[in-house]
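Visitor: Quick one: the structure is below, questions incoming.
The values are calculated or read from the model by the stated rules, or taken from the named source; none is laboratory data. This structure is a prediction, so every number in the text was calculated from the model and none was measured. Cβ atoms come from the backbone with ideal geometry, glycine included; neighbour counts cover every protein chain shown. Calculation scope for accessible area: heavy atoms of the full protein, side chains included, ligands and nucleic acids excluded. Shrake-Rupley method; radii C 1.70, N 1.55, O 1.52, S 1.80 Å.
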Amino acid sequence: MSASDFQRLPGFRDFPPDELAFRNRIFESWRRVALRYGFSEYDGPPLEALELYVEKSGEEIVGQLYNFTDKGGREVVLRPEMTPSLARILGGMSRGMSKPIRWFSMPQLFRYERQQRGRLREHFQWNVDIVGEAGVAADAEVLAVGIDGLRDLGLTHEDFYARVSDRRLLTTVLGAAGVAEESMPAAFTVVDKVERETEDRTLARLRDEVGLSEPDARSLVEILGEGLEGIASRFGSRDDVGAEVTRLKDYLANLDAMGLGDFIAVDLRIVRGLAYYTGIVFELFDRQGALRAICGGGRYDRLLELVGGEPLPAVGFGMGDVVLGELLKDRDLTPDTTRRIDYFVVPVTPDQRGEALGIAQKLRARGHSVAYALREQGVGKQLKAAAKEGAVEALLVGPDELARGVVTSRKMSDGSERDLLLQELA
């Protein structure tokens, strides 16, 4: 059989060294920032019970999953997201833990979806969650982690921003705009798709599915495009709206105090389609609007209870590596993956090979990266190999040098040479 008979599955990726170095650069920033904020890393199995996701999102999610019946007759799934696993893990241990719980992970996730730019059938995702704190300071802290994760990679407020909303505020605004309580789920669905549908289509859905009159529908579309101050001026006399406006202002004040105000825009059109969100929600986007959301998250105060845990408030986000990778490439922020090693050891004749191997191992024991030719070659070919390997220095081990207790170090950038004492290398 030929190599063409074994093609990579659609929607999946290989990671040769350059691509893996890029991925690891992202992982390093994610981990560094999470630890900087005092979070602890966790993980779970890539295979979970299908019911865990059906319980959270409903039967309709099954069509998006890699699910099957295992040899024990269990209905299982390759995990499509991490938050249900977090809820399951904490459900069995959170009662004995001090609160708030600050955890993060970087799992590989799988969804059977149509491929497009920024979306594959597998990706790695940075999950950051605070469990056990209901105040807006926790919401602000989680968003700050996400913003700093991107800043650590070299992105600035000119490259991306966070669009934030609050499902509680949106609920009160919809009520003030004439939406009946029983029509709230339909209204949320329409608002969630406002930017992906024409205005005429949105107005028609607000009339037909939500039950608003034409004037009320047009007024609501206008309201959704306003900022927090506009909403406050429209509905400031209503206690329910005022209370939610105050809560969101407190949240924004926390972010301003952290110096992150330039990254934030209030936008009630951010709903987050997952039904378990209960409060403040957000998504991070590139400023040019060329890509899908880089990150999304918010408050989900009932999820742990849904999977059998204690009723703890929680807030968190997920940030995928695929869209983020596209943005970093667009901004020329990919890492330099040029191969480099510290030393390439060159035995001048086969008789010095044993000494050369010993020198290489001594240097490796000191933490240096070292390579050498794996077969006998002339000095010229070995030096060419050293250049290809990106060696900073080539160490020539010859009979005359060894007799003097030295090796000759050749700097590959300019060819300059100097003697190094063998005892110094050790």
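Visitor: Being closer than 24 Å to Gly273 by Cβ, out of contact with any Lys or Arg (no Cβ under 9 Å at 6 or more places or on another chain) and part of a strand (DSSP E or B) is true for just one of Val54, Val62, Val77. Which residue is that?
Guide: Exactly one residue qualifies, and that residue is Val77.
Visitor: If you go through region 300-315 one residue at a time, how many are surrounded by 24 or more Cβ atoms within 10 Å (Cβ to Cβ) and either in a strand (DSSP E or B) or of a type in the set (Asp, Glu) (or both)?
Guide: Residues that pass the stated criteria total 2.
Visitor: May I ask you to list the residues in region 399-424 that are among the hydrophobic types (A, V, I, L, M, F, W, C), surrounded by fewer than 12 Cβ atoms within 10 Å (Cβ to Cβ) and touching a strand residue (DSSP E or B) at 6+ places or on another chain (Cβ under 9 Å)?
Guide: Leu421
Visitor: Answer yes if at least one residue in region 147-159 is in contact (Cβ under 8 Å) with a residue 40 or more places away in the chain and under 22 Å from Ala275 (Cα atoms), and no otherwise.
Guide: Scanning region 147-159 turns up no residue that is in contact (Cβ under 8 Å) with a residue 40 or more places away in the chain and under 22 Å from Ala275 (Cα atoms).
Visitor: Further, regarding this structure: Is there any pair with a first residue in region 26-54 that is open to solvent by 50 Å² or more (accessible area, probe 1.4 Å) and a second that is hydroxyl-bearing (Ser, Thr, Tyr) whose Cβ atoms are under 8 Å apart and which are 6 or more apart or on different chains, and what are they?
Guide: Glu41/Ser105; Asp43/Ser105; Pro45/Ser85
Visitor: Give me the residue from region 167-222 that is farther than 17 Å from Val241 by Cα and of a type in the set (Ser, Thr, Tyr) and, out of that set, most open to solvent (accessible area, probe 1.4 Å).
Guide: Thr198
Visitor: Quick test of your reading of the structure: Arg339 fulfils all but one of (1) out of contact with any Lys or Arg (no Cβ under 9 Å at 6 or more places or on another chain); (2) within 30 Å of Gly11 (Cα to Cα); (3) part of a loop (DSSP other than H, G, I, E, B). Name the failing condition by number.
Guide: (1)
Visitor: Another question, then. Filter region 370-398 for residues that are surrounded by fewer than 16 Cβ atoms within 10 Å (Cβ to Cβ) and farther than 15 Å from Leu357 by Cα and give the result.
Guide: Those that are surrounded by fewer than 16 Cβ atoms within 10 Å (Cβ to Cβ) and farther than 15 Å from Leu357 by Cα: Gly378, Val379, Gly380, Lys381, Lys384, Ala387, Lys388, Gly390.
Visitor: Does Gly72 satisfy the condition of being loosely packed, with under 13 Cβ neighbours inside 10 Å, part of a loop (DSSP other than H, G, I, E, B), out of contact with any Asp or Glu (no Cβ under 8 Å at 6 or more places or on another chain) and of a type outside the set (Asp, Glu)?
Guide: yes
Visitor: Going by what's in this entry, would Leu120 be described as surrounded by 14 or more Cβ atoms within 10 Å (Cβ to Cβ), more than 23 Å from Gly309 (Cβ to Cβ) and at pLDDT below 95?
Guide: The answer is yes for Leu120.
Visitor: Just one of Gly261, Gly273 is more than 20 Å from Ala134 (Cβ to Cβ) and open to solvent by 50 Å² or more (accessible area, probe 1.4 Å); which is it?
Guide: Being more than 20 Å from Ala134 (Cβ to Cβ) and open to solvent by 50 Å² or more (accessible area, probe 1.4 Å) holds for just one of Gly261, Gly273, which is Gly273.
Visitor: Which ones in region 226-255 are part of a loop (DSSP other than H, G, I, E, B), open to solvent by 60 Å² or more (accessible area, probe 1.4 Å) and without any contact (Cβ under 8 Å) to a residue 60 or more places away in the chain?
Guide: Within region 226-255, just Ser237 meets the criteria.
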